[in-house]
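The values are calculated or read from the model by the stated rules, or taken from the named source; none is laboratory data. Since the model is a prediction, treat every value here as computed from it, not as a measurement. Every residue, glycine as well, gets a Cβ built from its backbone with ideal geometry; the counts of neighbours run over all protein chains shown.
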Amino acid sequence: MDLTYKQEDLAFRDQVRTFLKENLPDELRRKVLARKRLTKDESIRWHRILNKQGWVAPGWPVEYGGTGWSGLQRHIWSEECALAGAPPVLGFGVNLLAPVLMGFASEEQKRYYLPRILNADDWWCQGYSEPGAGSDLASLKTRAVRQGDHYIVNGQKTWTTLGQHANMIFCLVRTGTEGPKQVGISFLLIDMNTPGITVRPIITLDEAHEVNEVFFDDVKVPVENLVGEENKGWTYAKFLLGHERTGIAAIGYSKRELKRLKQYAMRQQTNGVSLLADPAFSRKVAQVEIELMALEMTALSLVADGASKKIGPESSLLKVKGTEISQAISELFVEAAGPAALAFDKAYLDGDSEHSVTGDDESAALAAHYFNLRKITIFGGSNEIQKNVISKMILGL
Ligand SMILES: Cc1cc2nc3c(=O)[nH]c(=O)nc-3n(C[C@H](O)[C@H](O)[C@H](O)COP(=O)(O)OP(=O)(O)OC[C@H]3O[C@@H](n4cnc5c(N)ncnc54)[C@H](O)[C@@H]3O)c2cc1C
């Protein structure tokens with residue numbers, strides 16, 4: 001298999017680079033590269049710039065507003081976005097909910113929600129996990145009881161990413177109690193402004209407000225907000241999880257961070273010798289680089305034209321390796337920074353102040369970033385669960 005870029009791929013890459021150069025606002029780019037937290041408005045701003053160009057949902061079928069790009073072109077697009085320091089799009093709508101709607105929703109739901117997802121008219125969050133249902137998701141207990149034209153929802157979701165910004169949540173709820181626990185789950189779209197919903201922040205190790213608990217007390221949800229059939233939600237839930245893992249490998253992001261790590265380590269000098277020249281440190285950097293190259297080759301072989309279009313259990317391989325590599329780079333950054341990484345300037349991280357109190361802006365966000373990245377081996381299906389998938393589905397054990 002030929003994994004080098006052809007002339008037309010290089011031309012596509014140039015087109016993408018030109019677009020990013022001309023349209024990515026400098027203040028957003030600088031904030032992303034400084035590892036600062038984006039506001040809701042900033043995230044929506046970039047999403048809408050992409051929508052105007054027709055590039056916000058490259059993976060969607062053209063009929064719904066996708067680009068018609070090949071797998072390789074999509075790979076190039078996400079890599080170039082990461083290298084340029086572009087913010088992510090609102091992924092819960094574009095990457096997770098939309099495929100479920102396209103596959104299982106009514107025509108009316110598709111007509112209503114899909115254009116709104118493209119234009120970020122709704123901010124979606126994901127209501128899957130509960131205190132007793134994470135890896136074992138089918139144990140979820142949030143109940144939805146049908147009363148006339150409504151469901152009455154009671155229960156609790158947790159780890160709801162950016163739920164504080166959301167006006168809509170897609171939820172797995174229990175509508176039946178007969179038979180195995182996978183049966184009796186339904187997929188509901190719920191307006192977050194409905195009376196009875198409470199969102200409570202969970203502050204993470206990096207002092208960020210990124211996740212929440214969401215409580216439902218007698219929340220009335222119109223039956224037309226059910227997606228697909230009642231009690232068939234587990235099928236849709238699994239379909240969505242397959243989409244959640246693809247893209248989580250963040251190869252472009254790791255390439256960018258590795259390059260920045262080398263530049264950073266080069267500038268850390270002891271007695272005139274750069275840290276990058278230190279054999280013990282440079283060996284670790286080389287090890288990560290080798291693993292990243294191997295991951296990129298694996299990903300390219302999966303998306304290259306001629307290879308199977310739909311990525312199956314291989315997405316688990318990409319997820320495990322990609323997240324391990326991203327974490328390893330963040331660890332090396334902290335190692336390279338030494339005590340400078342200890343600075344923890346919340347005002348700087350939240351974008352409330354332009355510069356860190358320490359004066360060393362580049363190091364100020366490293367510890368928070370390191371702590372924040374602990375999540376990536378947990379969400380999207382923990383890496384242990386992905387290894388179970390690999391052993392069963394790929395290795396046949
Ligand atoms: C930052 C963050 C953001 C998140 N955002 C969302 C969100 O927006 N919406 C949402 O619904 N959820 C979200 N999640 C939840 C996430 O999907 C769950 O945390 C994840 O599925 C793991 O579930 P758990 O936390 O309950 O851990 P558990 O399932 O209790 O697992 C605990 C440990 O046991 C291991 N383990 C469990 N079962 C097995 C097994 N069968 N074999 C081997 N090891 C096993 C796990 O790998 C883990 O190490 C988020 C989580 C985090 C950390």
Filter result for Glu210 (modelled with pLDDT of 95 or more, farther than 26 Å from Phe187 by Cα and surrounded by 17 or more Cβ atoms within 10 Å (Cβ to Cβ)): no
Return the residues of the stretch 66-113 that are among the β-branched types (Val, Ile, Thr) and closer than 22 Å to Cys125 by Cβ; say none if nothing qualifies. Val89, Val94, Val100
Within the stretch 116-168, strands (runs of 3 or more DSSP E) holding 3 or more residues that are more than 16 Å from the chain's Cα centre (by Cα) and within 13 Å of the ligand (Cβ to nearest atom): 150-158
From Pro99, Pro131, grab the single residue that is out of contact with any helix residue (DSSP H, G or I) (no Cβ under 6 Å at 6 or more places or on another chain), of a type outside the set (A, V, I, L, M) and either surrounded by 15 or more Cβ atoms within 10 Å (Cβ to Cβ) or modelled with pLDDT of 95 or more (or both). Pro131
With touching a residue at least 40 places away in the same chain (Cβ under 8 Å) and within 28 Å of Asn372 (Cβ to Cβ) as the only criterion, which of Gly252, Gly312, Gly233 stands out? Gly252
Out of curiosity, is Ser315 buried (at least 20 other Cβ atoms within 10 Å of the Cβ) and modelled with pLDDT under 90? yes
